[in-house]
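The next block holds one structure in the form of structure tokens; read it before the comments.
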Amino acid sequence: MIIRKGNSTDLAEMKRLFTETITSVCKKDYDNDQISAWKSGAGNEERWNNVIENQLVLIAEINEQIAGFCTMDGNYIDLLFVHKNFQRQGIAKKLYTFIEQEARYQKQKFLTAYASKTAKPFFENMGFKILKEQTVNVKGIDLINYKMEKILN
């Protein structure tokens, strides 16, 4: 596995990974309407172009396939997704470790994330604490997520 910076040529594969992961990995935590609303975000071209242009984007690649990606905007972890076929192989942890190292290099005092029900245990294992449970409305559908934070010493 290699970890590299993402670029605009990765966008199509990142969006495909995003939708496939939500569809298959998150189905135990969210119903079909919630999953459909959440993955509809892949169609927001402006948002994805903004991610590539303005955030730190790290790609985990295995055999020239994107196995996962993580993005950071300032001290906010925006996106962290691992391909459905590469779950439970330490990819998210490796991506997160690089992101935290970069945050420390930037002298960030803390990291924040809005974690899904599915991702909450991962972030807790990485030392994040829940600040609050919140309900977000996506295309008229309510989804629960968690505002989480990790203090960087």
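Bear in mind that the values in this text are calculations on the coordinates, not laboratory data. Computed from a predicted model, the values in this text were never measured in an experiment. Neighbour counts run over all protein chains shown; Cβ positions are idealised from the backbone, glycine included.
Candidates Phe98, Ala60, Ile151 compared by Cα position along the dipole of the chain: farthest toward the positive end lies Ile151, with charges placed on Cβ. Since only Trp48, Ser8, Asn75 are under comparison, the one whose Cα sits farthest along the positive direction of the charge dipole of the chain, derived from C-beta charges on Lys, Arg, Asp and Glu, is Asn75. Dividing the summed -39500 (n - 2.57) terms of all DSSP H runs of n ≥ 4 by the residue count of the chain sets its mean residue ellipticity at 222 nm at -10500 deg cm²/dmol. A crude spin-label estimate for the pair Asp73 and Thr97, with each label 7 Å from Cα along the Cβ direction, gives 2.8 nm. The peptide list 95-106, 71-82, put in order of mean Cβ contacts within 10 Å with the highest first, becomes 71-82, 95-106. Derived scalar couplings between HN and Hα for region 139-153 equal 6, x, 10, 7, 10, 8, 9, 10, 7, 10, 8, 10, 7, 9, 7 Hz in order, rounded to whole Hz, by the Karplus curve 6.51 cos²θ - 1.76 cosθ + 1.60 (θ = phi - 60°), x for Gly and Pro.
Here the 3J(HN,Hα) profile of region 4-18, calculated from phi with Karplus coefficients 6.51, -1.76 and 1.60 at θ = phi - 60°, is 9, 6, x, 8, 4, 6, 8, 4, 4, 5, 4, 5, 5, 4, 3 Hz, Gly and Pro shown as x.
For Gln89, no residue whose modelled amide H falls within less than 5 Å of its own remains once neighbours fewer than 5 places apart on the same chain are excluded.
Dipole of the chain, Cα-centred, from +1 at each Lys and Arg C-beta and -1 at each Asp and Glu C-beta, to the nearest 20 debye?
Numbers: 22 positive and 19 negative charges, 105 e Å.
About 500 debye.
Using 22 Å as the Cα-Cα cut-off, could you pick out the over-long pairs in Lys5/Lys117; Lys84/Lys117; Lys94/Lys139? With Cα atoms farther than 22 Å apart: Lys5/Lys117; Lys94/Lys139. Which one is right for this structure if Rg/Rh (Cα atoms, Kirkwood Rh) is calculated from it: (i) 1.33; (ii) 0.93; (iii) 1.03? This structure yields the entry labelled (ii). Full extension of the chain between Ser36 and Val138 gives 35.8 nm of extra length, using 0.36 nm per residue less the Cα-Cα distance.
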